[in-house]
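Report on one structure; see the data block that follows.
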Amino acid sequence: MALGKYSRVDGRKSSNYCSTVTIVVFVALCLVGVWMMTSSSVVPDQNLDLSSQGKKNDLSTQVTEGKESYNGGNESTNKAGDEGNPTDEGKSKQFEDTLGDLPEDATKGDTLVSQEENHSNPQQTESTSEVKQEEKSTEQKEDAGESESETQSEKATDDKKEDGPNKVDDKDSEAGEKNENKSVGEEIQEGSVEKKSVENSVELNDKKDQEVGQGSDENADGEKKDQSSSAVFSSGTQSDLLNETTTQNGAFLTQASESKNEKEMQKSSGSDKENSYIWKLCNSTAGPDYIPCLDNLEAIRNLRSTKHYEHRERHCPDNPPTCLVPLPEGYQRSVEWPTSREKIWYHNVPHTKLAEIKGHQNWVKVSGEYLTFPGGGTQFKHGALHYIDFIQQSFPEIAWGKQTRVILDVGCGVASFGGYLFERDVLAMSLAPKDEHEAQVQFALERGIPAISAVMGTKRLPFPSRVFDVVHCARCRVPWHIEGGKLLLELNRVLRPGGLFVWSATPVYQKLPEDVEIWEAMQKLTNAMCWELVSKTKDRVNGVGVAVYRKPTSNDCYEQRSKDAPPICQGSDDPNAAWNVPLQACMHKAPVATSERGSQWPEPWPARLSKSPYWLLSSQVGVYGKPAPEDFTADYEHWKHVVTNSYLNGMGIYWSTVRNVMDMRAIYGGFAAALRDLNVWVMNVVSVDAPDTLPIIYERGLFGIYHDWCESFSTYPRSYDLVHADHLFSKIKTKCGLPAIVAEVDRILRPGGKLIVRDKEETITELESMLKSMQYEINMTYSKDKEGLLYCQKTMWRPKDVETLTYAIA
């Protein structure tokens, strides 16, 4: 430009200088042109290379700066990457800082975690996609057709083919190299080897990024694969990005998870408002002792006859009550076992009539604020233990606690006999009706002794056939000999082949005309039934006698009888059918096949508890789908683990306050078996619509009962310290209605009693809401994989509003 200026000025001087200046200017222009031509062959290459590298550095810086907000530990690395333009050697070193520096298993682990978090955090995946879109707009020199449409399955296949994190398919490398060279310009030759290395490394990390990011986008957000970008990152930066993906959620929630949680909370809150339960107090004539299926006075009034104790049988209302039974005035926490065997709080069972009638027989006495039980009964005024030992002395083969483990005590009174059999390691199912001997079964349960309210009337007892080792009747007031011996034949049904009937009543040892007549009738009946009288002795201390009969183990006697009376039941008659089945005056044949239940006596106690019954065959499929013996063993091991690791140690249950336990869905009795070493007994309940596994429970030396949970249980209110329900409520709530089932659980559970429920998560949530409305203390809730656990305690709370049950009013 200076030269141009001078030329204009010099133009005003004399013409002598014109030719000289013209020549000088021409030469200068030629030099400038040569210089410019020389510069144009070098400068574009440098500028283009620096521009491209600058764009890459800017993009790398953006990602790195984004990472700094979460990963402060890499600040020095990020800052180093931001300072100036690195040399070729520096760039090469930067790209060598790849995932391959980590152990192979660590790299794979990060990738898996990244995939899981992307699936669970769609918001994060969207952010990653936005970064990729920005990169795509920044680096417009990339080939638009480069691997953007690759499917997820193809990416998974490619990932499986890789031997290590740095190995890339040669064809992909060549394609990436060609695409990069085309975008930069074919005329660029310098640094081509370095650019191949760069692109190979970038290609690998790009593919991994697509596998994580695109897969998550497709699954979490439903976006099409071609919407995700195949952006190019340096491998060092990509490593940082993967680290961010796997670690950031440790300290921060994603917007997606926060929003999801809030929606679920609002939904749950709305559900709670919709399902707010309003409970009322039951108003019935029975008051605090209300048993819905035994106090249906309307149904009882409409009975055509009460000759066979029909009025003592179950008559359930059409719609089970959803009200709560009131507490007796002055009720307090029950006395703990074993003290409770001798005394209970009077106000918990405020009935004195039985003490007035049976006090002289040492059944029960009133002693201040307690009701006391001297341990006697009509046939053992001097104590139950003396009576128990007298029976074994009379017939040593009974072998309490070894040969004999599970017995049925009919007409049990206050169940002192069963209460003291615990001293001999024997379980007694005590049975008595709700009759004029008010609350005798309630006394038993309050004392911590197993008992149910039932009567031998017109229907079979709710037990399987051939399960009791011994049936006992101590002056039980049952007319065994009438109507073809129908009631005694029912005992024959539930008695195990070779089992014993222990009868202690006045006809055994008194000589009054009525007693003699009954004894002769019983002798005739038992002979026809092929029962053998194996012992008849008299106790000089109590002044009573005991007769012991044995049921046959074969059919020989039946076949040799001169008269078929009582008759043999028809082959179509199922002896195990016991729910609301009418009694029949017939006998079932004894099992003869070695693999048939009842053909052999069980293992001695306690070996029978853990050993699979001999009649469970591997060809049979168990409840859980395994061969039956394996199913049995697996169930037992499962409950031992649960009880030991959770119920005994992990839930804060004070087991000294637990005596009466109910398992509402027992299956094989594994839960009860796992509690064997505790001072508890377990009523195992098998639903009538569940697999009939109750015979297995008896075979292992435990006991239980059939029941339909759409009806009330045959027990008094406040009978149990702990109720356990394993996947029961979700199975029957649609059939029966959850409020009615929960009201029944509340009825049989004592204040301070524990409820443990294992069920589906949605059922647990519903139950928790319902129990909270009943003021239960929720001690623990836990859920995982859509399964849940609930542990809570009943309080003394009762509602104030009243619901009158017209069918239960006298």
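The values are calculated or read from the model by the stated rules, or taken from the named source; none is laboratory data. Because the structure is a prediction, the values reported are computed rather than measured. Heads up, the Cβs are rebuilt from the backbone with ideal geometry, glycines too, and the neighbour counts pull from every protein chain shown. When the accessible area is computed, the model is the full protein with side chains, heavy atoms only, and any ligands, DNA or RNA have been set aside. Shrake-Rupley method; radii C 1.70, N 1.55, O 1.52, S 1.80 Å.
For the range 316-332, just list the computed ³J(HN,Hα) in residue order, Karplus coefficients 6.51, -1.76 and 1.60, θ = phi - 60°, integers in Hz, with x standing in for Gly and Pro.
Those phi angles translate into 7, x, 4, 10, x, x, 10, 8, 9, 6, x, 8, x, 5, x, 4, 9 Hz.
For the range 337-478, compute Rg over Rh where Rg is the Cα radius of gyration and Rh is the Kirkwood radius from the inverse mean 1/r over Cα pairs.
Rg divided by Rh gives 0.96.
Could you order peptides 617-626, 308-317, 694-703, 782-791 by the average number of other Cβ atoms within 10 Å of their residues, highest first?
The peptides rank, most packed first, as 694-703, 308-317, 782-791, 617-626.
Per residue, how big is the convex hull around the C-alpha atoms of the range 277-363? Give it to me in cubic angstrom, could you?
Spread over its residues, the Cα hull of the range 277-363 gives 163 Å³ apiece.
Distance from a point 7 Å along Cα→Cβ of TRP579 to each backbone N in the range 449-489: keep the residues under 13 Å and list them by number.
Correct set: 462-464.
Using modelled amide H (1.01 Å from N, peptide plane; none on Pro or chain starts), what sits under 5 Å from the amide H of ASP539, excluding residues fewer than 5 places away?
Sorted by chain and number, the residues that satisfy this are VAL544, GLY545, VAL546.
Over 18 Å between Cα atoms: which of LYS486/LYS511; LYS307/LYS353; LYS772/LYS800; LYS551/LYS589; LYS434/LYS794 fall into that group?
Over 18 Å Cα-Cα: LYS486/LYS511; LYS307/LYS353; LYS434/LYS794.
Put ASP573, ASP635, ASP318 in order of accessible area, largest first, 1.4 Å probe: what do you get?
Reading off the accessible areas and sorting them downward yields ASP318, ASP573, ASP635.
Once amide H atoms are built 1.01 Å from N in the peptide plane, which residues 5 or more positions from VAL688, or in another chain, come under 5 Å H to H?
HIS707, ASP708, TRP709
Kindly write out, for the range 602-607 in residue order, the coupling ³J(HN,Hα) from the Karplus curve 6.51 cos²θ - 1.76 cosθ + 1.60 (θ = phi - 60°), rounded to whole Hz, with x marking Gly and Pro.
For the range 602-607, the Karplus curve yields x, 4, x, 6, x, 4 Hz.
Filter LYS459/LYS611; LYS731/LYS754; LYS626/LYS786 down to the pairs with a C-alpha to C-alpha distance above 27 Å, please.
LYS459/LYS611
Can you list the residues, at least 5 places off or on another chain, whose amide H is less than 5 Å from the amide H of GLU803, using H built in the peptide plane?
Correct list: LEU281, CYS282, ASN283.
Given the protein chains as shown and a 1.4 Å probe, how many square angstrom of TRP345 are accessible, to the nearest 10?
40
If you take the square roots of the eigenvalues of the alpha-carbon gyration tensor of the range 655-810 and sort them as a ≥ b ≥ c, do you get rounded (a/c under 1.5), prolate (a/b over b/c) or oblate?
rounded
Can you tell me what the convex hull of the Cα atoms of the range 522-633 projects to on average, as an area in nm²?
If you wrap the Cα atoms of the range 522-633 in a convex hull and average its projections, you get 11.0 nm².
Could you derive backbone 3J(HN,Hα) for the range 405-414 from the dihedral phi with the Karplus parameters 6.51, -1.76 and 1.60 (θ = phi - 60°), listing whole Hz in sequence and x where the residue is Gly or Pro?
Computed from phi, the couplings for the range 405-414 are 10, 10, 10, 10, 9, 8, x, 6, x, 8 Hz.
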